[in-house]
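Reviewing the structure listed below.
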Amino acid sequence: MNSSRTGKDLYKQLRALPWARLWTEEVGRFDGAGARERFERVAVIRAVGVVFSESGPAGQAEEVKGWLRGLLRDPEEKVRRYAMAALPKIGAGAGEEAELLALLRQTTSAREEQALGRTLDKIGGEATLATLATLATGGGIAPRTEQRVKASVARRASPSTVRLEAELGDFDRLRLHLRGRRGLEGLVREEVEEQGKFRVVEVQRGLVVIAPLGPFTLAEVFALRCFDTVGFSLGLVKGAGGGESVEGLAEVIASPLAERLLATLTEGALRYRLEFIGKGHQRGAVREVADRAYALCPRILNDAREAPWAVDIHATAGGASVELRPRLSPDPRHAYRLDDVPAASHPPLAACLTRLAGHRQDESVWDPFCGSGLELIERTRRGGVRRVYGTDRSAAAIGITERNFAAARLGPVEAHFLCGDFRDFPALAGLAPGSLTLIITNPPLGRRVRIPNLRGLFEDLFAIAARMLAPGGRLVFTNPFRMESPEPTLRLQSRQVVDLGGFDCRVEVYRKAGR
């Protein structure tokens, strides 16, 4: 290879080589080169880390780590820094950690110290914490590295979990933010008021603010199904940037309220992931705020990996709202969802459609486009259902619906899942006209899955609903068109505009005329 190429171009070429050739030819050339050529070809070290992590033989890992450890003693700082960056990709352990800590004690270079900090962030353990507790580092890496290593040690020792059943009894002024799709706030509010454990304080676009009426648990919050995420309001920070914003955000994150909530509701280390909602990664801001928050309260650890909590920063008109959100996977409300399909319903939307459908006894329910079965499951959960039908043109979707429905453990309900076009449903199911009491569905909307003649599909849906519903039966669905039912027996009961992820759609309820 031409040694005059830039390091970036050289890396691209080395990166494309098979592992055996990279290791035998290029590493050998690097080892035998003089100081100047080694400096120019330092990209070899970076390529070794990446290519080995992707295709290197496991039995050669110790040999590769030994080579990189030797480079940590190279007289050229750039070579040492590249070796540090490559080590975590090979699977560095206690021996490599010890080498790095020895170098940390010796170095006088702020740049090298920062590189050591970035590597120890990834592989450091108890030995790193012990060293940092006694070492004064000129580049100021200790607080950031200490926080990340603490989080890593805690994660390895025992994964933290959210305590859903822990009772909160002394948070009289606490506010919880229920966030969801714009347009569904009224249904969220209705569900909160029906439950009776909380009162509604405020309703904004996509947000319902609630306050507890007495002691409560997170499990009782997640008994509500129409919201998307819940966050404890930690505070509002005025301003839109700069040092004051960093300090204000850090003070709220490290506040006594945040610590008490986390301590009450967490089993294990108090770890959170900081996110600026709607503003991309914001890595620089995350580092600044998290470092400052840790300085104020070292017990609370920022950790991007598998943290049980998120601290979400939502932009507001005058600054930012800081919210503590449990990160639950799976969401306890939707643990039945073993699998999914492309363009499937959003579970809170399915719950909202179910609430709009109301509750009747002895229901016969059909979802013409059942997908993964969420609407049928959510409606059956509410009780009063005798028989459900689900159709979908995808055999895979029917299989997923069957598995999800079984996982939901809904009791003795007669269930029929049929692969085929919804227009053929009466023949497929062997049902007579007027035999259904509810049709509930989130049809294809033509966004993620292209549908020829989408308007014609909805006209057919109206026609079949008018035929198959009994008098008083309901059609509850999402409609992307500004169109009324062409069937005179279907009469509009309600309509609301909902944001379905960047576009507006109408959620509508029709009732078939008759007794």
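Quick rundown of the values:
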quantity: Arg511 open to solvent by 60 Å² or more (accessible area, probe 1.4 Å), under 30 Å from Gln361 (Cβ atoms) and in contact with a strand residue (DSSP E or B) (Cβ under 9 Å, 6 or more places away or on another chain); calculated: yes
quantity: Residues located in segment 147-176, provided they are within 14 Å of Leu301 (Cα to Cα) and of a type in the set (A, V, I, L, M); calculated: Val149, Ala151, Val153, Ala154
quantity: Any hit, segment 171-191, residues being more than 19 Å from the chain's Cα centre (by Cα), open to solvent by 70 Å² or more (accessible area, probe 1.4 Å) and of a type in the set (Asp, Glu); calculated: yes
quantity: Subset of segment 223-244 (residues that are open to solvent by less than 20 Å² (accessible area, probe 1.4 Å) and either outside any strand (DSSP E or B) or without any contact (Cβ under 8 Å) to a residue 12 or more places away in the chain (or both)); calculated: Leu224, Cys226, Phe227
quantity: Residue ID - farthest from Glu288 (Cα to Cα), chosen from residues in segment 130-151 that are touching a Ser or Thr at 6+ places or on another chain (Cβ under 9 Å) and at pLDDT 85 or above; calculated: Leu132
quantity: Phe39 being touching a residue at least 12 places away in the same chain (Cβ under 8 Å), within 15 Å of Lys78 (Cβ to Cβ) and open to solvent by 80 Å² or more (accessible area, probe 1.4 Å); calculated: yes
quantity: Looking only at segment 83-124, and only at residues there that are in a loop (DSSP other than H, G, I, E, B) and open to solvent by less than 50 Å² (accessible area, probe 1.4 Å), the one that is modelled with the lowest pLDDT; calculated: Ala92
quantity: Matching residues, segment 471-495, being buried (at least 16 other Cβ atoms within 10 Å of the Cβ), of a type outside the set (Val, Ile, Thr) and either under 22 Å from Leu376 (Cβ atoms) or more than 39 Å from the chain's Cα centre (by Cα) (or both); calculated: Gly473, Arg474, Leu475, Phe477, Asn479, Pro480, Glu487, Leu490
quantity: Filter result (within 16 Å of the chain's Cα centre (by Cα), assigned to a strand (DSSP E or B) and closer than 20 Å to Leu164 by Cα) within segment 296-328; calculated: Trp309, Ala310, Val311, Asp312, Glu323, Leu324, Arg325, Pro326
quantity: All positions within segment 198-222 that are assigned to a helix (DSSP H, G or I), among the hydrophobic types (A, V, I, L, M, F, W, C) and crowded, with 17+ Cβ neighbours inside 10 Å; calculated: Leu218, Val221
quantity: Leading residue by the ranking (farthest from Thr354 (Cα to Cα)) among those in segment 210-243 that are of a type in the set (A, V, I, L, M, F, W, C) and over 22 Å from the mean Cα position of the chain (by Cα); calculated: Ala240
quantity: Of all residues making up segment 190-222, the number that are in contact (Cβ under 8 Å) with a residue 12 or more places away in the chain and more than 18 Å from Pro348 (Cα to Cα); calculated: 12
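The values are calculated or read from the model by the stated rules, or taken from the named source; none is laboratory data. Note that the structure is predicted; figures quoted are calculated from it, not measured. So basically every Cβ, Gly included, is an ideal-geometry build from the backbone, and we count neighbours across all protein chains shown. Heavy atoms of the whole protein, side chains included, go into the accessibility calculation; ligands, DNA and RNA do not. Shrake-Rupley method; radii C 1.70, N 1.55, O 1.52, S 1.80 Å.
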